[in-house]
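Comments concern the structure below.
Where a number appears in this text, it was derived from the coordinates with a stated rule and is not lab data. From a predicted model like this one, the values you see are computed outputs, not experimental measurements. Cβ atoms come from the backbone with ideal geometry, glycine included; neighbour counts cover every protein chain shown.
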Amino acid sequence: MEKMNQKAIELLEKSQIEENDFSANELIREAIDLLSNKNKSSDKDAFDYYVLGYAWYLLRIESDERCYNVENNFKLSIEKNTENNWPKLYLGHYYFDIGEYENALAFFSSVKGDEFLEFDQVWRLLKLKELIICCKLYLNNMDFCIDEYVSLYEKEDAVNRPEIHELKSCFMVVADSLGKSVREKISNFIYKY
């Protein structure tokens, strides 16, 4: 990995532990400047665009500039390497965050979740599956199996289980539109965890 990318990644890691939003944004902006000035756009590879998209994604302020750069850089990364799951995952997160659940579902569904198991990131696979379920719930698409997710979730040690904040929030919004059986299964699962 090039020194500039490494320095930018170090700045992004520091920003994640920074409690003050202003200070975190300064670190992120410094990383963005490093990555943006690295070289001409024709010289950037998929990883460069991914890291730049990720930096914009982490920025703790909403703006049209941020939205454009998150989408554009992740899409350029995917265009240059369609096999890389990370920009697909974070583009899915971005769309989920802004309520574009169809787009989020498309990107989440294109992620090869088994790759996370290679990195011993069961929690990330569970979070991905949770977000897919949430997208489908928001879209009133009942083509999912909550029992399968619950089984996977319960099989893992508590350390490997992500918090199910998104499912809880989603359930609060869609509960009344669910059939009794699905509503009870999700409700029982949420109550338990």
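Among Glu19, Glu62, which is farther than 23 Å from Asn85 by Cα and under 17 Å from the mean Cα position of the chain (by Cα)? Walk me through how you get there before you give the answer.
On the way: Glu19 fails: under 17 Å from the mean Cα position of the chain (by Cα).
Sole residue among the options that is farther than 23 Å from Asn85 by Cα and under 17 Å from the mean Cα position of the chain (by Cα): Glu62.
So for the stretch 151-172 (the condition being farther than 26 Å from Glu83 by Cβ, aromatic (Phe, Trp, Tyr) and in contact with an Asp or Glu (Cβ under 9 Å, 6 or more places away or on another chain)), does at least one residue qualify?
Let us first name the residues in the stretch 151-172 that are farther than 26 Å from Glu83 by Cβ, namely 151, 153-159, 161, 163-172.
Filter once more, keeping what is aromatic (Phe, Trp, Tyr): 153, 171.
Narrowing further to those that are in contact with an Asp or Glu (Cβ under 9 Å, 6 or more places away or on another chain): 153.
There is at least one residue in the stretch 151-172 that is farther than 26 Å from Glu83 by Cβ, aromatic (Phe, Trp, Tyr) and in contact with an Asp or Glu (Cβ under 9 Å, 6 or more places away or on another chain).
Cβ contacts < 7 Å: first residue farther than 14 Å from Asp33 by Cα, restricted to the stretch 1-22; second residue surrounded by fewer than 16 Cβ atoms within 10 Å (Cβ to Cβ), any location; separation 6+ or different chain. Result?
Asp21/Arg60
Of the numbered conditions (1) surrounded by fewer than 16 Cβ atoms within 10 Å (Cβ to Cβ); (2) under 19 Å from Lys129 (Cβ atoms); (3) in contact (Cβ under 8 Å) with a residue 24 or more places away in the chain, Cys67 fails exactly one; give the number of that condition.
It is condition (2) that Cys67 fails.
Is it the case, given these coordinates, that Glu102 is assigned to a helix (DSSP H, G or I), within 16 Å of the chain's Cα centre (by Cα), surrounded by fewer than 15 Cβ atoms within 10 Å (Cβ to Cβ) and touching a residue at least 24 places away in the same chain (Cβ under 8 Å)?
Numbers: assigned to a helix (DSSP H, G or I): yes; within 16 Å of the chain's Cα centre (by Cα): yes; surrounded by fewer than 15 Cβ atoms within 10 Å (Cβ to Cβ): yes; touching a residue at least 24 places away in the same chain (Cβ under 8 Å): yes.
Answer is yes for this residue.
Could you tell me which residue of the stretch 169-187 is nearest to Lys127 (Cα to Cα), considering only residues that are surrounded by 15 or more Cβ atoms within 10 Å (Cβ to Cβ) and under 20 Å from the mean Cα position of the chain (by Cα)?
First pass over the stretch 169-187, keeping only residues surrounded by 15 or more Cβ atoms within 10 Å (Cβ to Cβ): 170-171, 174, 178, 182-183, 185-186.
Applying the additional criterion that residues be under 20 Å from the mean Cα position of the chain (by Cα) yields 170-171.
On the way: Cys170: 14, Phe171: 15 Å.
Step by step, filter the stretch 169-187, then rank; the result is Cys170.
Give me a count of the residues in the stretch 123-167 that are surrounded by 15 or more Cβ atoms within 10 Å (Cβ to Cβ), of a type in the set (D, E, K, R) and part of a helix (DSSP H, G or I).
Going through the stretch 123-167 one residue at a time, the tally reaches 6.
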